[in-house]
Amino acid sequence: MREPIAHGFADREEAGRALADLLRGADGPAPVVLGLPRGGVPVAAEVARALDAPLDAICVRKIGAPSNPEYGIGAVAEGGQPEIAPERVTMAGEGLEAAVQRARAELADLVLGVRDGRPPIDLHHRTAIIVDDGIATGATVRAAAHAARARGAERVVIAVPVAHPAALRALAGDADRIVAVLEPPDLGAVGLWYGDFAPVSERRVRELLDRGRSAPTTRTLRIGADDAELVGDLAVPEGAVGLVVFAHGSGSSRLSPRNRMVAEHLRAAGLGTLLLDLLTPAEAEDRSRVFDIALLARRLGGAIRWAAADPDARDLPLALFGASTGAGAALHLAADEPERVRAVVSRGGRPDLAGPALPRVRQPVLLIVGAEDRTVLDLNRAAQTALGGPSELVVVPGATHLFEEPGALEEVAETAARWLRARLA
């Protein structure tokens, strides 16, 4: 076990990325990542993406004590047998069978809700990486580990962002490897180690599973553009109806977790994505470069010319997705490339920085701004009046500049995906 770090996680996605860092290069054949619905699946989705492994769920339900259903005495997982903690058998009394049947019924409802008819991935000759958002006692992950082994997994890894050290020691014989980012002896509730621990809906789980099963391979590229060599990540799902090129801003990069999450939504909607670093690491430290809209637009133009020759991207209609100063660069380029660029989306962007190019933008433009990002909202309203083509302004209630509020970024992603697909399909 590694030494625990001293702080928690902003949300389950950040926790998943931290966990993935510990799992890179994990030994074992053909890994498949299994998230425990519902809270474990967003964590598992980040791990699966980082490991370029398929994502699935392994459903588990707690078996509650007959006299107090909220008090767990064991668990049952799909494909496995009910398991009762030996030290808690005496608490079950005569109502044990009824408690097990109740848990089985809840499990069947959960499987129906999150799988939506999808069969589980075959685990034979594979490494099952079982992921939850945390471990307090270990009963549910133990049941999941045993069920994965019963389904044919060659190796079983239990991986969580945070767990009580005693629970990890108790699980030592249940998996080939156990990984935790944090091991606080004063764990308390798992949710205390997250800034955002909002409930995860079954719909969200289904969306993540859909993406995880059909996720396209990501190609990391080096693209010559203007006077620099750009680094980009290209992913084109089968049957894609368009390509969306991201223009990051304000010193951000293609690794921005916000744009990567939006890109996942777009790929699930059948759109390819190209996330780019428009500045080198040294240039990103120079604020004059960050606000050099003409420079950013030239480099973005080099990227779309590259895309026009790439076998995976060349036949796809193209849109631009700009954030912050990147939105100004995207609109600047759209004005110069009316035949290549079909549409532009700005997320919390600065379209005003395109300045005199705005009237020449004839393509459809979607502006998305948080209602509490008042200065940027005013700038977007002013820029919208200068655009030369059709435009829409979507204001996300309660959201600030980075859309960090629960559910805000998901609303941005879903809105952008619907809008882009309608204009590129």
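Among the residues of the range 154-180, which ones are part of a strand (DSSP E or B) and buried (at least 22 other Cβ atoms within 10 Å of the Cβ)?
VAL156, VAL157, ILE158, ALA159, VAL160, PRO161, VAL162, ALA163, ILE178, ALA180
Go through the range 392-423 and report how many residues are surrounded by fewer than 21 Cβ atoms within 10 Å (Cβ to Cβ) and of a type outside the set (D, E, K, R).
Going through the range 392-423 one residue at a time, the tally reaches 14.
Determine whether the range 97-117 contains at least one residue that is outside any strand (DSSP E or B), within 28 Å of PRO29 (Cα to Cα), in the same structural domain as LEU192 (by TED's automatic domain parsing) and in contact with a strand residue (DSSP E or B) (Cβ under 8 Å, 6 or more places away or on another chain).
Within the range 97-117, one or more residues are outside any strand (DSSP E or B), within 28 Å of PRO29 (Cα to Cα), in the same structural domain as LEU192 (by TED's automatic domain parsing) and in contact with a strand residue (DSSP E or B) (Cβ under 8 Å, 6 or more places away or on another chain).
List the residue pairs whose Cβ atoms are under 6 Å apart, where the first residue sits in the range 319-339 and is crowded, with 24+ Cβ neighbours inside 10 Å, the second is assigned to a strand (DSSP E or B) and basic (Lys, Arg), and the two are 6 or more positions apart or on different chains.
ALA319/ARG342; ALA323/ARG347
Only residues in the range 128-154 that are farther than 21 Å from ARG17 by Cβ count as the first member; pair them with residues that are part of a helix (DSSP H, G or I), Cβ under 7 angstrom, at least 6 apart or cross-chain, and list the lot.
Taking only residues 6 or more apart or on different chains, the pairs are ALA136/ALA167; ALA136/VAL190; THR137/ALA167; GLY138/ALA167; GLY138/ALA170; ARG142/ASP174; ALA145/ASP174; HIS146/ASP174.
How many residues are basic (Lys, Arg) and outside any loop (DSSP other than H, G, I, E, B) when one looks only at the range 361-403?
The qualifying residues number 2.
Which residue is modelled with the lowest pLDDT, if the candidates are limited to the range 112-143 and must be over 25 Å from ASP11 (Cα atoms) and of a type in the set (Lys, Arg)?
Selected residue: ARG118.
Regarding GLY302, is this residue touching a residue at least 40 places away in the same chain (Cβ under 8 Å), closer than 17 Å to ALA382 by Cα and assigned to a helix (DSSP H, G or I)?
no
When both residues are 6+ apart or on different chains and their Cβ atoms are under 8 Å apart, which pairs have a first residue that lies in the range 347-363 and is closer than 18 Å to VAL394 by Cβ, and a second that is of a type in the set (Ser, Thr, Tyr) and part of a helix (DSSP H, G or I)?
These pairs meet every condition: GLY349/THR325; ARG350/THR325.
Could you check, for the range 356-378, whether at least one of its residues is out of contact with any Gly (no Cβ under 8 Å at 6 or more places or on another chain), over 25 Å from LEU409 (Cβ atoms) and buried (at least 16 other Cβ atoms within 10 Å of the Cβ)?
yes
Which one of LEU243, LEU208, LEU221, LEU255 is assigned to a helix (DSSP H, G or I) and in contact with a strand residue (DSSP E or B) (Cβ under 9 Å, 6 or more places away or on another chain)?
Result of the check over LEU243, LEU208, LEU221, LEU255: LEU208.
The values are calculated or read from the model by the stated rules, or taken from the named source; none is laboratory data. For clarity, every value in this text was computed on a predicted model and none was experimentally measured. Cβ atoms come from the backbone with ideal geometry, glycine included; neighbour counts cover every protein chain shown.
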